[in-house]
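Enquirer: Shown below is the structure under consideration.
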Amino acid sequence: MKRPTITDIAREAGVSKGAVSYALNGRPGVSEATRERITEIARRLGWSPSSTARALAGGRTGAIGLVLDRAPDVLGIEPFLVALLEGVERELGPVSLLLPVRGPGHRKVDGLLLAGPRCPAPGVPAVRLGGPPGPPGVPSVWVDDAAAAAEVLGYLAALGHRRVVRIAGPAVFADPAARAAAFTAAAARMGFLAVGTADAATVEAGAGVAHRVLAVPRPPTALVCDTDVLAVAALAAARELGLAVPGDVSVVSWDDSPLCRLVRPALTAVRRPLAELGALAAVVLRELLVGEEAADVCAPRPSLVTRGSTGPARG
């Protein structure tokens, strides 16, 4: 008889697989009534959390790998990586970190989480993190950058900003093309007078890019930076030019981290649900490991945390 899975429980309860995961693991994110209903359905179907351990034990190693397409120390992504792994390990236990991926197969693990658009599809069950749906056979678990772009630009528009530039860079667990399209579409929809993107191919180039963007006769009144480090570089560039933040220019980071709270002024930032992203990716990978078909999943929408780096537009 086929062992019941989280997918079976979600189908019968009429909820998402993420909601089932939250309920069965005692985590916030669902109402108490929904939690009780899911728990009852799981009990009636005969679901047991030990099925995960047995499924993994049936593989070659019982190990799961996380693959990054670049070394974490280059980008300072440790806070984001910690949050992601917290979610993954709640579902699957300890995860091996593999840097970087070079070949098509990984014989030391039973499944992989691919964190980066340049990670090739491997020869084992895998789930892609951060980007929208990708190649067939490798399901994606992603954060809705369109929702984030709409919230950021809507907030800036309410403050009177109409000239905005995005400083693009090597964001963590995000698809650069999807992020660019989301930003451009949201700006057009809201009728911004001037919007542009300046590419900082490396973190080191961020300050120079921000300096060039701001040192023009009619500079943007707001900068939206793809990473926390680029946003800090933008603060430094504004300071060098004698511009006040947020009096002359507002700065938003598309990623929240402890760094955003440590600088002055503290940075307004988009907080992506990375722990939830990791947990959902683990659920999808677990389905693949037990031989089920797995679909693409969108994580809960990001939220905008407003701090001192943004204010009303001037000029």
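Enquirer: If you scan the stretch 268-279, which residues turn out to be touching a residue at least 60 places away in the same chain (Cβ under 8 Å) and touching an Asp or Glu at 6+ places or on another chain (Cβ under 7 Å)?
Expert: V270, R272, A275, G278, A279
Enquirer: Now, a different point. Report, ordered by the first and then the second residue, all pairs with beta carbons closer than 8 Å, sequence separation of six or more or different chains, a first member in the stretch 178-199 that is free of Cβ contacts under 8 Å to residues at least 24 places away in the same chain and surrounded by 14 or more Cβ atoms within 10 Å (Cβ to Cβ), and a second member that is hydroxyl-bearing (S, T, Y) and not in a helix (DSSP H, G or I).
Expert: Final answer for the pair search is A180/T197; T184/T197.
Enquirer: Of all residues in the stretch 1-25 being polar (S, T, N, Q) and surrounded by fewer than 20 Cβ atoms within 10 Å (Cβ to Cβ), which is modelled with the highest pLDDT?
Expert: Taking the candidates together, the pick is S16.
Enquirer: Check off (1) among the aliphatic types (A, V, I, L, M); (2) in contact with a His (Cβ under 9 Å, 6 or more places away or on another chain); (3) crowded, with 17+ Cβ neighbours inside 10 Å for L288 and give me the number that stays unchecked.
Expert: It fails just one condition, (2).
Enquirer: Follow-up question, since we're still on this one. Test P265 against the stated conditions and say whether it is surrounded by fewer than 23 Cβ atoms within 10 Å (Cβ to Cβ), without any contact (Cβ under 8 Å) to a residue 12 or more places away in the chain and farther than 29 Å from L66 by Cα.
Expert: No, not satisfied.
Enquirer: One residue is enough: does the stretch 77-98 have a residue meeting the conditions assigned to a loop (DSSP other than H, G, I, E, B), modelled with pLDDT under 65 and surrounded by fewer than 22 Cβ atoms within 10 Å (Cβ to Cβ)?
Expert: no
Enquirer: Only one residue in V251, V216, V209 is surrounded by fewer than 22 Cβ atoms within 10 Å (Cβ to Cβ) and closer than 15 Å to G196 by Cα, so which one is that?
Expert: After applying the criteria, what remains is V216.
Yes or no, residue by residue, for (1) assigned to a helix (DSSP H, G or I); (2) modelled with pLDDT of 75 or more:
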| residue | (1), (2) |
| --- | --- |
| R118 | no, no |
| G137 | no, yes |
| A149 | yes, yes |
| V152 | yes, yes |
| L156 | yes, yes |
| I167 | no, yes |
| P170 | no, yes |
| A174 | no, yes |
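Enquirer: Still on this structure: Going by the conditions given, is V203 farther than 24 Å from P170 by Cβ and modelled with pLDDT under 90?
Expert: No, not satisfied.
Enquirer: Oh, and also: What are the residues in the stretch 200-242 that are in contact (Cβ under 8 Å) with a residue 40 or more places away in the chain, under 23 Å from S257 (Cβ atoms) and more than 26 Å from the chain's Cα centre (by Cα), if any?
Expert: Selection gives V213 alone.
Enquirer: Further question on the same structure: What are the pairs, 6+ residues apart or on separate chains, where a residue within the stretch 146-168 that is under 24 Å from G206 (Cα atoms) has its Cβ under 6 Å from a residue that is among the β-branched types (V, I, T) and assigned to a helix (DSSP H, G or I)?
Expert: V165/V213; I167/V209
Enquirer: Another question, then. Taking the stretch 272-315 as the region of interest, how many residues are of a type in the set (A, V, I, L, M), out of contact with any strand residue (DSSP E or B) (no Cβ under 7 Å at 6 or more places or on another chain), part of a helix (DSSP H, G or I) and more than 30 Å from A222 (Cβ to Cβ)?
Expert: 3
The values are calculated or read from the model by the stated rules, or taken from the named source; none is laboratory data. Please read these numbers as outputs of a predicted model, since none were measured by experiment. Glycine also receives a Cβ, built like all others from the backbone with ideal geometry; neighbour counts cover every protein chain displayed.
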